[in-house]
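The values are calculated or read from the model by the stated rules, or taken from the named source; none is laboratory data. It should be emphasised that the depicted structure is a prediction, and the values quoted were computed from it without experimental measurement. Cβ placement follows ideal geometry from the backbone for every residue including glycine, while neighbour counts extend to all protein chains displayed. Just the protein is used for accessible areas: all its heavy atoms, side chains included, with ligands, DNA and RNA removed. Shrake-Rupley method; radii C 1.70, N 1.55, O 1.52, S 1.80 Å.
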Amino acid sequence: MLNTADKYPFWRSRLSDADAAMDSAVIGEVHTLCTSAGGRTIRYITYGEKVDYNRTANYSSACGAHKPECYADRTGKRPTIMLIGGTHGQETEGIVAIVNLISLLETGKDLRGESVPEITEAYAKHNPRLILIPVYNVDGRARCVPDSLIGDRVDDVRYSGQGTWKDGTLCTWPEVKMTHPIKEAAGHLGSYFNDDGINLMHDNFFSPMAEETKALMKLVDEEAPECVIGLHGGGNSLSELLQMSYVPLYIKESIFRLAADAAARQTALGLKSCVYPVKSDGNYPPPSFNLTTAIHHISGAVSATFESNMGLTDRSNPFTAEEILLSHYCLIESMLNLAWRE
């Protein structure tokens, strides 16, 4: 198993790495989100002043009035953008991207010691409110030993992420989602889950089981972000921005524009990419109403899941560690350039 940080000093994905990045921040402001099921502190960092959107109603009521601006009047206001890393503890790629982004915003250079003017100049131009959660599922990340799965196999992802059943057999995807919470059915509790065995991506959002979910939904509601991206690892996926279900067509079109812009940047760097077309939600079985969808319905955000390449050896198109970082930079550039807008 490769210790990626030994070979690539910029690959900083542990809880201690995220804490060190936030503890050393001078420009950003560090906050506590909540305490996890396992008693660990979840923290996040913000850049730029919080935006006053002149709220007079929650999002649902504002839409009922046919006036979403009653929830967040964005006219003439800077955008609010949120990035969420580490929803699944073995998916460390997004954690690395956020820790490097913090370094860029604080020092002008990432942990490679390199400037990325495409990011810093876009940030300076559009002056967004940035909300960065390096590790959302701190319990899962704490239980996951490797700092990445680069050079490993799919079964390593399953063991580290989905875990095993009581009989020692590997939990497979998506069958692992058939039991939730999974704690009592698990032999080795994978890092997909918090210490209560809850997959935060698939909580019951109308009556949340996890304190982490309640706290994140509260933050999303208070901040009313215009764009929220959850950073995940998707095997050897080609840096894909997944379409969301149960949302209006214009939101799906916004995700498509953002995905296409990021893909163009990836292609310019010689990275393979994929853009999903806009589709309806009419097929059976119905798609999941997951964390990404819930974020939209509480705030109206353009919300999507980014599936990063993980550099696995037994799947085609493995990315290197640096290519994984650069693919995230392309997405971040697109977000900072407000590419989801028309």
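Key figures for this structure:
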{"item": "Convex hull volume per residue in cubic angstrom - Cα atoms of segment 223-342", "result": "109 Å³"}
{"item": "Mean Kyte hydropathy of -1.0 or more with a Cα span along the axis of at least 24 Å, helices from DSSP in the chain", "result": "249-268"}
{"item": "Relative contact order of the chain, pairs being alpha-carbon contacts under 8 Å that are 6 or more residues apart, as %", "result": "21 percent"}
{"item": "For segment 91-209, with +1 on Lys and Arg beta carbons and -1 on Asp and Glu, the positive-most of THR120, ASN199, GLY151 along the dipole", "result": "THR120"}
{"item": "Rounded, prolate or oblate (a/c below 1.5 giving rounded, otherwise prolate when a/b exceeds b/c) for segment 112-201 by Cα gyration tensor", "result": "prolate"}
{"item": "Listed pairs LYS7/LYS109; LYS109/LYS214; LYS7/LYS252; LYS77/LYS279 exceeding 27 Å between Cα atoms", "result": "LYS109/LYS214; LYS7/LYS252; LYS77/LYS279"}
{"item": "Reachable lysines from LYS166, criterion Cα separation under 25 angstrom, eight or more residues apart if same chain", "result": "LYS177, LYS183"}
{"item": "Long-range amide H partners of SER239 with built H, under 5 Å", "result": "ASN309"}
{"item": "Taking all pairs of distinct alpha-carbon atoms in the chain, Kirkwood radius in angstrom", "result": "20.1 Å"}
{"item": "Kirkwood Rh in Å, taken over segment 36-170 so that all alpha-carbon pairs contribute", "result": "17.8 Å"}
{"item": "With every protein chain in place, the chain: carbon and sulfur % of accessible area (1.4 Å)", "result": "52 percent"}
{"item": "Rg/Rg_globular for segment 78-135, with Rg_globular taken as 2.2 N^0.38 Å and Rg from C-alpha atoms", "result": "1.15"}
{"item": "Cα radius of gyration and Dmax for segment 128-275 (Å)", "result": "17.1, 50"}
{"item": "Sum of -39500 (n - 2.57) over DSSP H runs of 4+, divided by residues of the chain (222 nm, nearest 500)", "result": "-9500 deg cm²/dmol"}
{"item": "FRET efficiency estimate (nearest 0.05) - Cβ-Cβ, SER316 to LYS214, R0 45 angstrom", "result": "0.65"}
{"item": "Coil-residue GluC sites (Glu not before Pro) of segment 92-201, DSSP, other Cβ within 10 Å capped at 13", "result": "GLU114"}
{"item": "Chymotrypsin sites (Phe, Trp or Tyr not before Pro) restricted to DSSP loop in segment 201-259 with at most 10 other C-beta within 10 Å", "result": "PHE206"}
{"item": "Inter-site label distance for TYR284 and LYS166 at 7 Å from Cα along Cβ, in nm", "result": "3.3 nm"}
{"item": "Relative contact order (%) - criterion: Cα under 8 Å, at least six apart; region: segment 1-138", "result": "32 percent"}
{"item": "Cα gyration tensor shape of segment 104-144, rounded if a/c is under 1.5, else prolate or oblate by comparing a/b with b/c", "result": "oblate"}
{"item": "Within-15-Å neighbourhood charge of LYS279 [Cβ basis; K, R +1; D, E -1]", "result": "-2"}
{"item": "Calculated FRET value between SER115 and ASP6, using beta carbons and R₀ = 22 Å, to 0.05", "result": "0.35"}
{"item": "Exposure ranking of TYR123, TYR284, TYR276 by accessible area [1.4 Å probe, largest first]", "result": "TYR284, TYR276, TYR123"}
